[in-house]
Structures are given as C-alpha cells and as structure tokens.
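Trainee: Quick one: the structure is below, and I'll ask about it shortly.
The values are calculated or read from the model by the stated rules, or taken from the named source; none is laboratory data. For clarity, every value in this text was computed on a predicted model and none was experimentally measured. Every residue, glycine as well, gets a Cβ built from its backbone with ideal geometry; the counts of neighbours run over all protein chains shown. Accessible surface is based on the protein model in full, side chains and every heavy atom, while ligands, DNA and RNA are left aside. Shrake-Rupley method; radii C 1.70, N 1.55, O 1.52, S 1.80 Å.
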Amino acid sequence: MTADTVQVELGPRSYDIVIGAGTLSRLGDHLRATTGSDRVAVVTDETVHALHGASIASALSDFRTHVIVRPEGEAQKSMEGLDAVLDSLFRAGFDRSDTILAFGGGVIGDLTGFAASVFKRGATFVQVPTTLLAQVDSSVGGKTAINNAYGKNLVGAFHQPRLVLIDTDLLQTLPERQVKAGYAEIVKYGLIDRPEFFMALDDELGADVLALEPAALREAISVSCTAKAAVVAQDERESGTRALLNLGHTFAHALELQAGYDGGLLHGEAVSAGMDMAFEFSHRLGLCPAQEASRIHRHLSRLGMPTRADMGLFLSDPAALIDHMRQDKKNEGGRLTLILARGIGQSFIDRSVSEPDLLDYLKDIAAPMDIRS
Ligand code: NAD
Ligand code: GLY
C-alpha cells in the first residue's frame, strides 16, 4: 500500500495528512507516532458506524477505545450535539492526554473538533474523514464549529488536528450526490490558483474522480490538500488570503439559506453553482474573459454538477440573497466582500463589491436568461 503525505506547516502545530487507499489499516501506527495516547474516543455518526465501524475498531484493536455514535445530519452541530459528546467523554473518564478522533463527514469533524477544543481547555484531536468533501476540505485547517439560531458555524474555534488520515476506500460507499458535493471543492482549488489542475480535471481526471477511480482520487485529493495546506500555512486564522478558499461560497451560503438546511440543497451543490455565478459575475464586471467563465460552466454541466441554471426558485428573491450576503463573515466595514476572478486560476479577494452591480446581476438571473455563449 502506498500513500502520499502532505504536511500542514504550522510550526509546533504542524501535522501530516496521509492519503491513500487502505490507509485506515495503518491508523494505529500513525496514532502511536503522532499522539502517544493509548486511549481513543471515536466520534462518528450512525451511517458511518454501520458501514465502517468494524474497520476502525479493527484498526484500533491495540488501543482502549470509546465509541460515541451520534445521529447524522447538520442538526448535530448544535449545543445539544456538543453537550452529548462532552458528556460521554466525561462519563468515560477521558483526559487531555487521550485522543479524540472524528470518524465521519464534515458534520462529525466540525462537531468533534469543537468538542476537542473545549474539552478540559483543549484535547488532542485527530481527523479520519469519510466524505469526499471532508477529505479535501473540512478535515484540514483547524476550523471547528457548531451552528446557532443566528447562523451556521458562528460558535467555534481554530483547533488543529494532530493528524489527518484519509482512506480513499471509505468513499466507495458514499452516495453519488455526496461525491459530487465533494467534487465541487476539488474544482475550487483549480479555479483559485491552479489552472493546470483545473485543465487536468476538465480533461479526464474529474470524470475519473466522480467514478471513484482509486488513482484519480488519490491524485485529486493530494493536490487539493496540498493547495489547502499552503493557504492555511500562510493565513491560519483568516486575516487575509484564507478567504480565497471561499470562492463561490458567498453565493452558496445565500442559496443555502434560501433553500433551508433540510437536505434540499447540499453545501457542495451550492458551492458548485456559486462558483459558476462568481465567474459569470466576474465576466459581467469585465474582469474575466467570457470563454473562461463558459469553460467552467461547461465543465460543471458535462459532469452533472449543479450550476446557476439549476438553482431555480432559490434565485427568485434577489433582495433576500443580498440580505444574506450582507451577513457574510468576510465583510468588513459594511462593504460586501466576494472572491472574484480574472480567469481560471486567477481568483482574488474583492473587498468593495458594488451592491447595485450585484443586485442587477441577481435580478437578471432571477428572470430566466443566460448571458453566456
Ligand atoms: P456530512 O458530514 O453530513 O456527511 C454527509 C452524509 O454522508 C451523512 O449522511 C453521512 O452519514 C454520510 N456519510 C459519511 N461518510 C460516508 C461514507 N463513507 N459512506 C456513506 N455515507 C457516508 O456532510 P459533509 O458534506 O461531509 O460535511 C458538511 C459539513 O462540513 C457542514 O456542516 C459544513 O459546514 C462543514 N464544513 C466545514 C469546513 C471546515 O473547514 N471546517 C469546510 C467545509 C464544510
Ligand atoms: N473551508 C474554508 C476554510 O477552511 O477556510
């Protein structure tokens, strides 16, 4: 079994991301080398536990383990979900030298990471992500959070994991819709600053990733983690560059709010459409050539990924969308901030987006019309 290793360089808090098929069987060795603990709390959800609980139990057979199984779904990222995890850790007598391991998608990763950050003022945390989205995005970089009545991810902490172990075999059970949602975040890295990666995805790599071909998964996940690790190393706490990772996300978050978080629109689906919109809007502002915006739209459509054209009713209220965008965490001094682009791989942070221009665009696309060739 061969694996790639990507390092997240954060001085004393640096850590490895291990990527490959079958890496779960080596989890014990990696844990011993990085954490030194002999006791591990595995936090997972019901679906992942049913599908892969036996595999992680076998990988951890030399450790004392305590398994915390939560229902699946975004609702777990709440005070109740947090309380349930912390309560179970206290009842089992865990201390800070033990390891708290997230085994699931982004929901379990965000919830467990936040629990680890506050458990006795901060415990050792490890990520074993099981969705494509978590393997290329949420497990790396230390953002942890729960939601509250005011919005998503508003209560959280930066708490870096000690290790991220990615086993691409775990993805073989992932529903196609979730695979596509994760693929959106892979495309994002090409569009931010890796044009050659986007070209490779557009050529054959993207279709192979969606077909869950092992070599393609390993390559695309390695490039994605390398790209994310580079940004996080530069700007761990998002005082600048890290905002680039939000390409397409301002549109996406507004669409998600319109959709309501009931599973009707997955985060990655909204990001896919949001990137299409960010490039279309960039073109309208005269920043991005039409051919480049169209190429992205064609790539997404060809692979059955959602685009702006699939957002229908979620686009029907431009004023509400703008309202949602005004709440975005990236905004400063009341000015809208968007990630826009001068072309594929040439994204930049625009901190003074004209609200009338944006509203005009949203009004135009609310009425069915397509400015692309
Ligand atoms: P998720 O965790 O809800 O997982 C999606 C579904 O897939 C769930 O039903 C889960 O049970 C199931 N599942 C997980 N692994 C599986 C497998 N191997 N086989 C079959 N089914 C499996 O969703 P997600 O898309 O992974 O994560 C979304 C969350 O991630 C959101 O809460 C979002 O805010 C967060 N997020 C965080 C960051 C960050 O930097 N921390 C970045 C992006 C997204
Ligand atoms: N997913 C965006 C970030 O980690 O900053």
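Trainee: Hey, does the stretch 334-351 have a residue that's of a type in the set (S, T, N, Q) and open to solvent by 70 Å² or more (accessible area, probe 1.4 Å)?
Mentor: Within the stretch 334-351, one or more residues are of a type in the set (S, T, N, Q) and open to solvent by 70 Å² or more (accessible area, probe 1.4 Å).
Trainee: Follow-up question, since we're still on this one. Which residues, counting only those in the stretch 154-175, are open to solvent by less than 70 Å² (accessible area, probe 1.4 Å), under 26 Å from Pro12 (Cβ atoms) and out of contact with any His (no Cβ under 9 Å at 6 or more places or on another chain)?
Mentor: Selection gives Gly156, Ala157, Phe158, His159, Gln160, Pro161, Val164, Ile166.
Trainee: Follow-up. Just to check your reading of the model, which residue among Ala216, Ala181, Ala233, Ala200 is farther than 24 Å from Gly343 by Cβ, free of Cβ contacts under 8 Å to residues at least 60 places away in the same chain and assigned to a helix (DSSP H, G or I)?
Mentor: Testing whether each residue is farther than 24 Å from Gly343 by Cβ, free of Cβ contacts under 8 Å to residues at least 60 places away in the same chain and assigned to a helix (DSSP H, G or I) leaves just Ala216.
Trainee: One residue is enough: does the stretch 281-292 have a residue meeting the conditions surrounded by 23 or more Cβ atoms within 10 Å (Cβ to Cβ), in a helix (DSSP H, G or I), more than 14 Å from ligand 1 (Cβ to nearest atom) and not acidic (Asp, Glu)? Lay out the reasoning, then the answer.
Mentor: The first filter runs over the stretch 281-292 and keeps only residues surrounded by 23 or more Cβ atoms within 10 Å (Cβ to Cβ), leaving 281-282, 288.
Retained after the next criterion (residues that are in a helix (DSSP H, G or I)): 281-282.
Filter once more, keeping what is more than 14 Å from ligand 1 (Cβ to nearest atom): 281-282.
Imposing the further condition that a residue be not acidic (Asp, Glu) reduces the set to 281-282.
Looking through the stretch 281-292, at least one residue is surrounded by 23 or more Cβ atoms within 10 Å (Cβ to Cβ), in a helix (DSSP H, G or I), more than 14 Å from ligand 1 (Cβ to nearest atom) and not acidic (Asp, Glu).
Trainee: Here's a follow-up. Closer than 28 Å to Thr35 by Cβ and open to solvent by 10 Å² or more (accessible area, probe 1.4 Å): is that true of Val223 in this structure?
Mentor: Details: closer than 28 Å to Thr35 by Cβ: yes; open to solvent by 10 Å² or more (accessible area, probe 1.4 Å): yes.
Against the criterion (closer than 28 Å to Thr35 by Cβ and open to solvent by 10 Å² or more (accessible area, probe 1.4 Å)), Val223 qualifies.
Trainee: Further question: When only residues in the stretch 158-178 that are outside any helix (DSSP H, G or I) and β-branched (Val, Ile, Thr) count, which is farthest from ligand 2 (Cβ to nearest atom)?
Mentor: Within the stretch 158-178, the match that is farthest from ligand 2 (Cβ to nearest atom) is Ile166.
Trainee: All but one of (1) more than 28 Å from Phe279 (Cα to Cα); (2) part of a helix (DSSP H, G or I); (3) open to solvent by 10 Å² or more (accessible area, probe 1.4 Å) hold for Ala207; which doesn't?
Mentor: Looking at each condition in turn, Ala207 falls short on (1).
Trainee: Inside the stretch 131-151, can you point out the residues that are within 12 Å of ligand 1 (Cβ to nearest atom), part of a loop (DSSP other than H, G, I, E, B) and open to solvent by 10 Å² or more (accessible area, probe 1.4 Å)?
Mentor: Once the filter is applied, which keeps residues that are within 12 Å of ligand 1 (Cβ to nearest atom), part of a loop (DSSP other than H, G, I, E, B) and open to solvent by 10 Å² or more (accessible area, probe 1.4 Å), the stretch 131-151 yields only Thr131.
Trainee: Of the residues Asp364, Asp360, which is part of a helix (DSSP H, G or I), more than 14 Å from Ser282 (Cα to Cα), without any contact (Cβ under 8 Å) to a residue 60 or more places away in the chain and of a type in the set (D, E, K, R)?
Mentor: Asp364
Trainee: Cβ contacts < 8 Å: first residue in contact (Cβ under 8 Å) with a residue 60 or more places away in the chain and basic (Lys, Arg), restricted to the stretch 135-160; second residue open to solvent by 30 Å² or more (accessible area, probe 1.4 Å) and not in a helix (DSSP H, G or I), any location; separation 6+ or different chain. Result?
Mentor: Lys152/Tyr261
Trainee: Now for a separate question. Would you check if there is a residue in the stretch 243-251 being open to solvent by 20 Å² or more (accessible area, probe 1.4 Å), within 16 Å of ligand 2 (Cβ to nearest atom) and under 22 Å from Asp276 (Cβ atoms)?
Mentor: So far as the stretch 243-251 goes, yes, one or more of its residues are open to solvent by 20 Å² or more (accessible area, probe 1.4 Å), within 16 Å of ligand 2 (Cβ to nearest atom) and under 22 Å from Asp276 (Cβ atoms).
Trainee: Over 29 Å from Leu212 (Cβ atoms), part of a strand (DSSP E or B), open to solvent by 80 Å² or more (accessible area, probe 1.4 Å) and not aromatic (Phe, Trp, Tyr) - does that describe any residue in the stretch 320-330? Steps first, answer last, please.
Mentor: The initial filter retains those residues of the stretch 320-330 that are over 29 Å from Leu212 (Cβ atoms), namely 320-330.
Next, from what is left, pick out any that are part of a strand (DSSP E or B): none.
No - not one qualifying residue is present in the stretch 320-330.
Trainee: Same structure, new question: Which of the residues spanning the stretch 71-103 are outside any helix (DSSP H, G or I) and under 19 Å from Lys152 (Cα atoms)?
Mentor: Pro71, Glu72, Gly73, Lys77, Ser78
Trainee: Going by the structure shown, is Leu111 open to solvent by less than 10 Å² (accessible area, probe 1.4 Å), more than 16 Å from ligand 2 (Cβ to nearest atom) and in contact with a helix residue (DSSP H, G or I) (Cβ under 9 Å, 6 or more places away or on another chain)? Before you say what the answer is, go through the steps one by one.
Mentor: On the way: open to solvent by less than 10 Å² (accessible area, probe 1.4 Å): yes; more than 16 Å from ligand 2 (Cβ to nearest atom): no; in contact with a helix residue (DSSP H, G or I) (Cβ under 9 Å, 6 or more places away or on another chain): yes.
Judged against the criteria, Leu111 is not a match.
Trainee: State the number of residues belonging to the stretch 29-53 that are under 20 Å from Pro175 (Cβ atoms), open to solvent by 30 Å² or more (accessible area, probe 1.4 Å) and not charged (D, E, K, R).
Mentor: 4
Trainee: Tell me which of these His297 doesn't satisfy, since it passes every other one: (1) open to solvent by 10 Å² or more (accessible area, probe 1.4 Å); (2) within 14 Å of ligand 1 (Cβ to nearest atom); (3) in contact with a Lys or Arg (Cβ under 8 Å, 6 or more places away or on another chain).
Mentor: Failed condition: (2).
Trainee: Also, quick follow-up: In this structure, is Leu265 in a loop (DSSP other than H, G, I, E, B), in contact (Cβ under 8 Å) with a residue 40 or more places away in the chain and open to solvent by 10 Å² or more (accessible area, probe 1.4 Å)?
Mentor: Values: in a loop (DSSP other than H, G, I, E, B): yes; in contact (Cβ under 8 Å) with a residue 40 or more places away in the chain: yes; open to solvent by 10 Å² or more (accessible area, probe 1.4 Å): yes.
Here the answer is yes, as Leu265 does meet what is asked.
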